[in-house]
Each structure stands twice: as structure tokens, then as C-alpha cells.
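> Take a look at the following structure, please.
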Amino acid sequence: MHTDPLKQEIIAYSKQIGIDKIGFASADVFTELKERLRRQQELDYQSGFEKGSIEERTEPTRLLPEAKSIISIALAYPTRMKGAPRSTKEERRGLFARASWGVDYHVVMRERLEKLAAFIQERVPDGKNKVMVDTGELSDRAVAERAGIGFSGKNTSIITPEFGSFVYLGELITNVPFTPDEPVDDSCGSCTKCIDACPTGAIVQGGQLNAKRCIAFLTQTKDFLPDEFRSKIGNRVYGCDTCQMVCPKNLKVDFHIHPEFEPEHEVAKPKLIPMLKLSNREFKQTFGHISGSWRGKKPIQRNSLIALGHYKDTTAVADIIEVMKSDPRPVIRGTAAWSLGKIGTKEAFQAIKEAMLEEEDEQVLVEMEKGLAFEPLKDTD
């Protein structure tokens, strides 16, 4: 079956439906990736969010037994927020990473891929197609690399010649055989800017990430954040863009192609104090449509408390005291106590001491002790 004319039709159609880049790859086993994943597992560098076994993540035929090809697509997203609200002393703001601006990309990407699958099905009625976006087992990056979408940079992101690394990736496994595209040459060269700039040293070496130290991962965890990372997350409430922002390939990269990915100011850069008391319903209403909401409100609220401590925001003290005293979740009460100590007003220290008399949770008491160990703010009333 000669499918190259069909390949050209698919490429033309992909442009019509708003796909920024498309590439074709074989469905062969990803042997190099398999080795790399085994090594990551041995070193305990995995985040725990990975889906499927190493075999499922590297052998396309386990997901579609008749697989012959994989079609990889990329959608570019913006890196700059037009008219972004400023974080002021009176109104401190947090920040969602750029990959969480606008509508959840899984939804947008799936819709594009399903249109593509339907287009192929029409032309190849006995075709079998399986759509995957991030939550699937296959490694989006390994597929994109093989399909010539871009090369895998030292920061472990796929870097495209046109859009830098600010692209969402998704793929479609099919039983239709296509001529594969050529991979893109790696052009990181001797540059180590991402490795040097990583706030937590999570990029162990070019192309190797210890996910457990990565801020993007840490901001999504639900437990107490380990002490060594609290000063590093700053005002990030979800995700981290440092290794992408310092990359020379991303200089001047800022694409506003898809209206769905445009950030809403109060969602992408939210005021921190109101975050502390959001009900589940309010959180869903405001943040439910973005990808950064997938872990629920708890990590975002914990990170907001850390950010307020980072800012030493004295205007937040009364609200944080209330959270420390009344929130039913130990992680939130404990982080609130830590944050109060970091802010360091007399009122904050007094509140921690009083709350300790009522508190029964061991971990929360440990956090309260940490809070009391901070230096008090000078000249506080």
C-alpha cells in the first residue's frame, strides 16, 4: 500500500484544523528510551506520575497490536502575557506555568487528534487509530523526536526549530504504514544554561532529569513540601518555566496562534490571599478548565501559603492565622504556621504559640516549631 499521497493530504488537512506541526514516525520499539527509563527507575528519578509499565511506554504494539506508524503533532502556546497584572505589596500574586495558561491543552489536543483520526478513517476504512495526549502510556517526547518535530534538549524538552520548546505534544498510533520523517539534529551544542539555571539542580546532566527535585513536579505534590525546596519555589503555584525561559532557542519565542491558550489574568496570575479560602466549588469554577487544576486545590493552596511567606506579606497574616486555626487539612495548617513564622510579625508568632496548645497533629506541631525558629521582623507592632 503506497500511502505517500495520503501523507500529503494529512499534512494539508492538519494545517486546516490548526495543527502547527506534524511528523510521521515508525511504530518500532523505543529501545534507547527503554534503557533510559530503566536507568531513571534504578536511580529513583521518576516522579510517580508516569502511566503504564516501561514496556507499555516504549512498545507501541502493546497499545495498538497492528501499529505501523505514529503521527506526532505539536501546538504552540504563548510565553508572554499581554497586560499582565503586577504583583504589588498590597496584592501579592502567584504564577501558573505557561503550559497551564488558557484551556487545558489535553482537551484542545484531543479534539485536533480526533479530527485527524476521523480524516484517516474516511480514507482508510479498515484503518485502526489510537489517540494519545500526555496521559497515555507512550512518551510524547520520544515520539516527537523520532517524527522530526524537534530534538530533545538538555532540559528534556522537545525543542522545535520554529516554536522553540513552547509546544504541546500529542500522537496518534495507526496501522497505516507511512514513510517516516527524518529526526531533527540536536543543536544544544556546549550550552548548559538550563542546567546552570535550574533552581533545585534537578537537571542532573544534559537530558537527564531527577523529577523528584523538579519544581514543576514538586508544586503538584500534596504532602508537606520538603524544607530545602520552600525558598526555591518563590511565587510559583503550579509548574516552573526556568529551564525553558533561559534557553537560547526560546529567545523571542512567543506565539499567539490559538485563542484557547491565551491566559486569563486572574487565573494565570492569581491573587494569593483569596486562594487560601477557596471552596472546592469555587476552585472548580475558577480554575477547573486549566491543566494546572488536575491535582485539586490542596497543592495550589499549600504553594500559595509558601509564596506569601516568601514575600513576607504582612497583609496576609490575619488570613493565614485563620487557616492555621481552622483548616481541617494538616498539610495546610502546618504550612500556614511555617508561613506565619517566615513573615515574622509579633502577631504571627503569638498566634503560632496559641495554636500549638490546641494542635494534636505531630507533623503540624513540627511545622509550628519551624515557624517559631524564624527571625522576627524588625520593628513590627
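The values are calculated or read from the model by the stated rules, or taken from the named source; none is laboratory data. As the structure is a computational prediction, the values presented were derived from the model and not from experiment. No Cβ is skipped: glycine too gets one built from the backbone with ideal geometry, and neighbour counts run over all protein chains shown.
> Within segment 295-308, can one find any residue that is over 22 Å from PHE374 (Cβ atoms), surrounded by 19 or more Cβ atoms within 10 Å (Cβ to Cβ) and in contact (Cβ under 8 Å) with a residue 60 or more places away in the chain? So that I can check it myself, show each step before the final result.
Of the residues in segment 295-308, the ones over 22 Å from PHE374 (Cβ atoms) are 295-300.
With surrounded by 19 or more Cβ atoms within 10 Å (Cβ to Cβ) added as a condition, the list becomes 297, 299-300.
Those still in the list that are in contact (Cβ under 8 Å) with a residue 60 or more places away in the chain too: 299-300.
Within segment 295-308, one or more residues are over 22 Å from PHE374 (Cβ atoms), surrounded by 19 or more Cβ atoms within 10 Å (Cβ to Cβ) and in contact (Cβ under 8 Å) with a residue 60 or more places away in the chain.
> Right, next: Any residue at all in segment 1-17 that's surrounded by 14 or more Cβ atoms within 10 Å (Cβ to Cβ), over 18 Å from THR174 (Cα atoms), of a type outside the set (D, E, K, R) and touching a Phe, Trp or Tyr at 6+ places or on another chain (Cβ under 7 Å)?
Taking every residue of segment 1-17 in turn, none turns out to be surrounded by 14 or more Cβ atoms within 10 Å (Cβ to Cβ), over 18 Å from THR174 (Cα atoms), of a type outside the set (D, E, K, R) and touching a Phe, Trp or Tyr at 6+ places or on another chain (Cβ under 7 Å).
> Taking the conditions exactly as written (outside any helix (DSSP H, G or I), of a type in the set (A, V, I, L, M, F, W, C), buried (at least 21 other Cβ atoms within 10 Å of the Cβ) and modelled with pLDDT under 90), does LEU75 satisfy them or not? Before you say what the answer is, go through the steps one by one.
Numbers: outside any helix (DSSP H, G or I): yes; of a type in the set (A, V, I, L, M, F, W, C): yes; buried (at least 21 other Cβ atoms within 10 Å of the Cβ): yes; modelled with pLDDT under 90: no.
So LEU75 fails the test.
> I've got another one for you. Do any residues in segment 85-102 that are at pLDDT below 95 have Cβ atoms under 6 Å from those of residues that are surrounded by 20 or more Cβ atoms within 10 Å (Cβ to Cβ), where the two are at least six apart or on different chains, and which pairs are they?
Once the first residue is at pLDDT below 95 and sits in segment 85-102, its partners that are surrounded by 20 or more Cβ atoms within 10 Å (Cβ to Cβ) give SER87/ARG93.
> Of all the strands (runs of 3 or more DSSP E) wholly in segment 114-227, which have at least 1 residues that are of a type in the set (Lys, Arg) and touching a strand residue (DSSP E or B) at 6+ places or on another chain (Cβ under 8 Å)?
Working: elements: 129-132, 167-174, 203-205.
The strands (runs of 3 or more DSSP E) meeting that bar are 129-132.
> Being crowded, with 16+ Cβ neighbours inside 10 Å and in contact with a His (Cβ under 8 Å, 6 or more places away or on another chain) is true for just one of SER291, SER231. Which residue is that? Before you say what the answer is, go through the steps one by one.
Working: SER231 fails: crowded, with 16+ Cβ neighbours inside 10 Å.
The match here is SER291.
> Here's another thing I want to ask about it. From the list ASP223, ASP227, ASP241, pick out the single residue that is under 24 Å from ASP20 (Cα atoms) and not polar (S, T, N, Q).
Details: ASP223 fails: under 24 Å from ASP20 (Cα atoms); ASP227 fails: under 24 Å from ASP20 (Cα atoms).
Just one listed residue meets the conditions, ASP241.
> So which residues in segment 1-34 are hydrophobic (A, V, I, L, M, F, W, C), in a loop (DSSP other than H, G, I, E, B) and touching a residue at least 60 places away in the same chain (Cβ under 8 Å), if there are any at all? Can you show your working first?
Pass one, segment 1-34, residues hydrophobic (A, V, I, L, M, F, W, C): 1, 6, 10-12, 17, 19, 22, 24-25, 27, 29-30, 33.
Adding the requirement that they be in a loop (DSSP other than H, G, I, E, B) leaves 1, 17, 19, 27, 29-30.
Matches in segment 1-34: MET1, ILE17, ILE19, ALA27, PHE30.
> Identify all residues within segment 309-345 that are among the polar types (S, T, N, Q) and free of Cβ contacts under 8 Å to residues at least 12 places away in the same chain; write none if there are none. Step through it out loud before you land on a result.
Kept after step one, since they are among the polar types (S, T, N, Q), are these residues of segment 309-345: 314-315, 326, 335, 339, 345.
Of everything in segment 309-345, just one residue is among the polar types (S, T, N, Q) and free of Cβ contacts under 8 Å to residues at least 12 places away in the same chain, namely SER326.
> Given the criteria under 28 Å from the mean Cα position of the chain (by Cα), closer than 20 Å to PHE229 by Cα, surrounded by fewer than 18 Cβ atoms within 10 Å (Cβ to Cβ) and among the basic types (Lys, Arg), does LYS312 qualify?
On the way: under 28 Å from the mean Cα position of the chain (by Cα): yes; closer than 20 Å to PHE229 by Cα: yes; surrounded by fewer than 18 Cβ atoms within 10 Å (Cβ to Cβ): yes; among the basic types (Lys, Arg): yes.
Yes: the conditions hold for LYS312.
> Of LYS342, LYS353, which residue is more than 28 Å from the chain's Cα centre (by Cα) and not β-branched (Val, Ile, Thr)? Write out each step before concluding.
On the way: LYS342 fails: more than 28 Å from the chain's Cα centre (by Cα).
Just one listed residue meets the conditions, LYS353.
> Restricting the search to segment 352-375, which residues are under 17 Å from GLU322 (Cβ atoms), of a type in the set (A, V, I, L, M, F, W, C) and either touching a Pro at 6+ places or on another chain (Cβ under 9 Å) or not in a helix (DSSP H, G or I) (or both)?
VAL364
> Please state which one of ALA202, ALA144, ALA216 is under 28 Å from TRP294 (Cβ atoms) and without any contact (Cβ under 8 Å) to a residue 24 or more places away in the chain.
Working: ALA144 fails: without any contact (Cβ under 8 Å) to a residue 24 or more places away in the chain; ALA216 fails: without any contact (Cβ under 8 Å) to a residue 24 or more places away in the chain.
Going through ALA202, ALA144, ALA216 in turn, just one is under 28 Å from TRP294 (Cβ atoms) and without any contact (Cβ under 8 Å) to a residue 24 or more places away in the chain: ALA202.
> If VAL331 meets every condition in (1) touching a Ser or Thr at 6+ places or on another chain (Cβ under 8 Å); (2) over 22 Å from LYS378 (Cβ atoms) apart from one, which number is that one?
For VAL331, the failing item is (1).
> Select, from GLU171, GLU122, GLU111, the only residue that is within 20 Å of THR31 (Cβ to Cβ) and not basic (Lys, Arg).
On the way: GLU122 fails: within 20 Å of THR31 (Cβ to Cβ); GLU111 fails: within 20 Å of THR31 (Cβ to Cβ).
Result of the check over GLU171, GLU122, GLU111: GLU171.
> Just name the residue that is modelled with the highest pLDDT out of those in segment 12-55 that are more than 18 Å from GLY150 (Cβ to Cβ), touching a helix residue (DSSP H, G or I) at 6+ places or on another chain (Cβ under 7 Å) and of a type in the set (Val, Ile, Thr).
Among those that are more than 18 Å from GLY150 (Cβ to Cβ), touching a helix residue (DSSP H, G or I) at 6+ places or on another chain (Cβ under 7 Å) and of a type in the set (Val, Ile, Thr), it is ILE17.
> Look through ARG86, ARG93 and report the one residue that is of a type in the set (Lys, Arg), touching a Lys or Arg at 6+ places or on another chain (Cβ under 9 Å), surrounded by 15 or more Cβ atoms within 10 Å (Cβ to Cβ) and within 30 Å of GLY234 (Cβ to Cβ). Before the answer, list the steps.
On the way: ARG86 fails: surrounded by 15 or more Cβ atoms within 10 Å (Cβ to Cβ).
Checking each option against the conditions leaves just ARG93.
To keep it simple, each residue is scored yes or no on (1) closer than 23 Å to ASN280 by Cα; (2) surrounded by 19 or more Cβ atoms within 10 Å (Cβ to Cβ).
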| residue | (1), (2) |
| --- | --- |
| ALA316 | yes, yes |
| VAL323 | yes, yes |
| SER326 | yes, no |
| ALA337 | yes, yes |
| LEU340 | no, yes |
| ALA355 | no, yes |
| LEU372 | no, no |
